[in-house]
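Worksheet: the structure to be examined is printed underneath.
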Amino acid sequence: MFLNQLTRLHIASLFIALMLFSIKSNAETIDSKQATTYTITIHKSNPKLAQIEAKFTLKDSLLYMGWGASKLPNRWATFVHNLEVMDKQEQVLSVQALDDAQWKINAPIHTEIRLRYEVHLDHENYDWSSGIDAVAYTTDLGVFYTGRTLFVLNGEDRTNINVRFNIPKDWAVTNPWSKSAEKANSFQAANITDLLTALIFAGNHKEISLKRDDFELVFALGSTDIMNQEAELKELAQGVLDYYIELMGGIPNPSPDNPLRKSVVVISSSEKTDGEALGNNVSVLIEKNGDQLSKTFSRFIFAHEFFHLWCGKSFSPASDDTEWFKEGFTNYYTLKALHHVNFLTDESYLDFLSSFFYKRYHNDEGVGRYAMADGKKKHDHWGLVYAGGMLVGMSQDLTIRSATNNEKSIDDLMKQLFEKYGGSNNTYTLNELQELYVELSGTNPTEFFNMYILGTNKIPIDEYLTLAGLDAKIENGQLILSKKDVTTLKQRAILEGFFGELNTK
């Protein structure tokens, strides 16, 4: 009897174990079928050719590539060649090329397929209105791609996408994805957005990694002359990173739908200085043998786009009527950061403000015609929105500092927005910004907003700059700035804050 009970218990346990094994096996089979994997092969003998193989289960009958390259008739598909699709029995499936970087597959959904194609790195042969910096190019050390230029997609809700690289043994690859612990040069993108907005550099380049808490900032120095600037660039990056973290009170904390653990900055040399942010990543091109102004622009581009991980990603506007705040205040803090790390002196800071930013603002045809709050004018009127927004930030910062004996500033405003909206999907509004100004300064900014942000009046920035003890006047459309020899203690404290000194009281 006892033995029979033991036997029954043993059989029951074995049955349960088999069921669990079967469930696990089925789950693994399903996961395997649902997995999406891209393998990218680049040979040193022909680095401008990327051979790509993808394996996934069809979610629908359409293949497509991401946004961008709108001026080309077939967008990113212009650079795709020899595309073929096979099922798991290696039978070739018919594919119909469509317009707008799309292909239609003659196969039912849930079919497991293998997709093969080539991407020719001919992008440098085309004229890109926003520059080659966020497209694809070659250097003396390797190749640069953005994810959107490489990947042919299917479906819209794929996650945990595997990406593997077959590259020369002496090459490395930099990208923002999570590394695989199992295999070298294997990574995993969180989702399609993470896949398409990636910056990818493969070659003999130099990589610099800066880690703060759960955040990693990775630099890829993509050409020999940029590698020669490694020490300077590393010092700059460390200083700017730590300044922003101290200012905001923490590492970037974007929406839970767009988690951020790693940001990649690719810097290479080119014929002219340029830069662009793509997702959480930044591409910078520095003019080879450029002058000091070109060098300043290159540092400014990095520091500007990097601050957007806080102002723009961690807290973002509800509508485009506050684009002037997002872009203009980012410009202001970029200047502060570059001064904080001693890249800009007091004099070069003031000169850059007057000779570049005020000049762009004054000469913009939108000033006096359009309201700064008209965010749709952002791209056509850089001077109005980007430079004008920076002048708003300066004027309001100096107003708050003057009204509070330098006890408060727009630093407090930025921290409040970061604390309130960081890590959420909620957004701030124009009215909320006005309310925060009232709380900080004790003054009513309604007239200022109505005249210079909602209205079309020109900001009298010279009047506000005098609050910091500066000699400031506008003559013939030029802002003439200098430091006074004699100032009060209050003015000196305000000027230090204007230049980027943080109030740690």
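Filter the range 238-271 for residues that are among the charged types (D, E, K, R) and touching a residue at least 24 places away in the same chain (Cβ under 8 Å); which is nearest to Tyr145 (Cα to Cα)? So that I can check it myself, show each step before the final result.
Looking only at the range 238-271, we keep the residues that are among the charged types (D, E, K, R), and these are 242, 246, 257, 261-262, 271.
From the residues that got through so far, the ones that are touching a residue at least 24 places away in the same chain (Cβ under 8 Å) too are 242, 246, 257, 261-262.
On the way: Asp242: 29, Glu246: 33, Asp257: 24, Arg261: 21, Lys262: 18 Å.
Per the stated criteria, the residue is Lys262.
Which pairs do you get when a residue that is in contact (Cβ under 8 Å) with a residue 12 or more places away in the chain, found in the range 313-328, comes within reach of a residue that is open to solvent by 10 Å² or more (accessible area, probe 1.4 Å) and basic (Lys, Arg), reach meaning Cβ atoms under 8 angstrom, with the pair 6+ apart or on two chains? Filtered contacts from the range 313-328: Phe315/Lys420; Ser316/Lys326; Pro317/Lys326; Asp320/Lys376; Asp320/Lys378; Glu323/Lys378; Glu327/Lys378.
Of all residues in the range 417-429, those satisfying the criterion of being surrounded by 18 or more Cβ atoms within 10 Å (Cβ to Cβ) and either among the hydroxyl-bearing types (Ser, Thr, Tyr) or over 22 Å from the mean Cα position of the chain (by Cα) (or both) are Tyr421, Tyr428. The set of residues in the range 377-386 that are surrounded by fewer than 24 Cβ atoms within 10 Å (Cβ to Cβ) and either under 17 Å from Gly477 (Cα atoms) or more than 20 Å from the chain's Cα centre (by Cα) (or both) comprises Lys377, Asp380, His381, Gly383.
The number of residues in the range 188-228 being among the hydroxyl-bearing types (Ser, Thr, Tyr), over 28 Å from Glu246 (Cα atoms) and out of contact with any Gly (no Cβ under 8 Å at 6 or more places or on another chain) comes to 2.
Within the bounds of the range 387-396, is there any residue that is outside any helix (DSSP H, G or I), of a type outside the set (Phe, Trp, Tyr), over 17 Å from Lys490 (Cβ atoms) and more than 20 Å from the chain's Cα centre (by Cα)? Checked against the condition, which is being outside any helix (DSSP H, G or I), of a type outside the set (Phe, Trp, Tyr), over 17 Å from Lys490 (Cβ atoms) and more than 20 Å from the chain's Cα centre (by Cα), the range 387-396 yields no hits at all. Considering the range 273-294, and only residues there that are under 14 Å from Ser263 (Cα atoms) and in contact with a helix residue (DSSP H, G or I) (Cβ under 6 Å, 6 or more places away or on another chain), the residue that is surrounded by the fewest Cβ atoms within 10 Å (Cβ to Cβ) turns out to be Ala277. For the condition within 23 Å of Leu353 (Cβ to Cβ), open to solvent by 40 Å² or more (accessible area, probe 1.4 Å), part of a helix (DSSP H, G or I) and not charged (D, E, K, R), Phe297 qualifies. Tallying residues that are open to solvent by 70 Å² or more (accessible area, probe 1.4 Å) and without any contact (Cβ under 8 Å) to a residue 40 or more places away in the chain within the range 352-376 yields 2. Here are Asn425, Asn431: which of them is in contact with a Pro (Cβ under 8 Å, 6 or more places away or on another chain) and closer than 27 Å to Lys377 by Cα? None of the other options fit; the residue is Asn425. Looking across the range 43-60, the residues that are outside any strand (DSSP E or B) and either in contact (Cβ under 8 Å) with a residue 60 or more places away in the chain or open to solvent by less than 40 Å² (accessible area, probe 1.4 Å) (or both) come down to Lys44, Leu58, Lys59, Asp60.
Give the residue that is most open to solvent (accessible area, probe 1.4 Å), with candidates limited to residues of the range 89-138 that are of a type in the set (Ser, Thr, Tyr) and not in a loop (DSSP other than H, G, I, E, B). For the range 89-138, the residue satisfying everything is Thr138.
Counting only strands (runs of 3 or more DSSP E) that fall entirely inside the range 152-231 and contain at least 3 residues that are crowded, with 23+ Cβ neighbours inside 10 Å and at positive phi, no element qualifies. Looking across the range 476-493, the residues that are in a helix (DSSP H, G or I) and either in contact (Cβ under 8 Å) with a residue 40 or more places away in the chain or at positive phi (or both) come down to Lys490, Ala493. Restricting Glu496, Glu501 to residues that are surrounded by 14 or more Cβ atoms within 10 Å (Cβ to Cβ), of a type in the set (Asp, Glu), in a loop (DSSP other than H, G, I, E, B) and within 34 Å of the chain's Cα centre (by Cα) narrows the list to Glu501. What are the residues in the range 147-173 that are under 24 Å from the mean Cα position of the chain (by Cα) and of a type in the set (Phe, Trp, Tyr), if any? Phe151, Phe165, listed by residue number.
Do we find a residue being assigned to a loop (DSSP other than H, G, I, E, B), small (Gly, Ala, Ser), more than 30 Å from the chain's Cα centre (by Cα) and surrounded by 15 or more Cβ atoms within 10 Å (Cβ to Cβ) anywhere in the range 464-475?
Yes, some residue in the range 464-475 is assigned to a loop (DSSP other than H, G, I, E, B), small (Gly, Ala, Ser), more than 30 Å from the chain's Cα centre (by Cα) and surrounded by 15 or more Cβ atoms within 10 Å (Cβ to Cβ).
Regarding the range 364-373, can at least one residue be identified that is part of a helix (DSSP H, G or I) and either at pLDDT 95 or above or farther than 23 Å from Gly249 by Cα (or both)? There is no residue in the range 364-373 that is part of a helix (DSSP H, G or I) and either at pLDDT 95 or above or farther than 23 Å from Gly249 by Cα (or both).
Condition check: in contact with a Phe, Trp or Tyr (Cβ under 6 Å, 6 or more places away or on another chain), assigned to a strand (DSSP E or B), open to solvent by less than 40 Å² (accessible area, probe 1.4 Å) and under 16 Å from Asn175 (Cα atoms). Does Val266 satisfy that?
Yes, satisfied.
The values are calculated or read from the model by the stated rules, or taken from the named source; none is laboratory data. Fair warning: this is a prediction, and the values are worked out from it, not measured in the lab. Counting neighbours? That spans all protein chains shown, and the Cβs are built from the backbone with ideal geometry, glycine included. These accessible areas exclude ligands, DNA and RNA; they are computed on the full protein's heavy atoms, side chains included. Shrake-Rupley method; radii C 1.70, N 1.55, O 1.52, S 1.80 Å.
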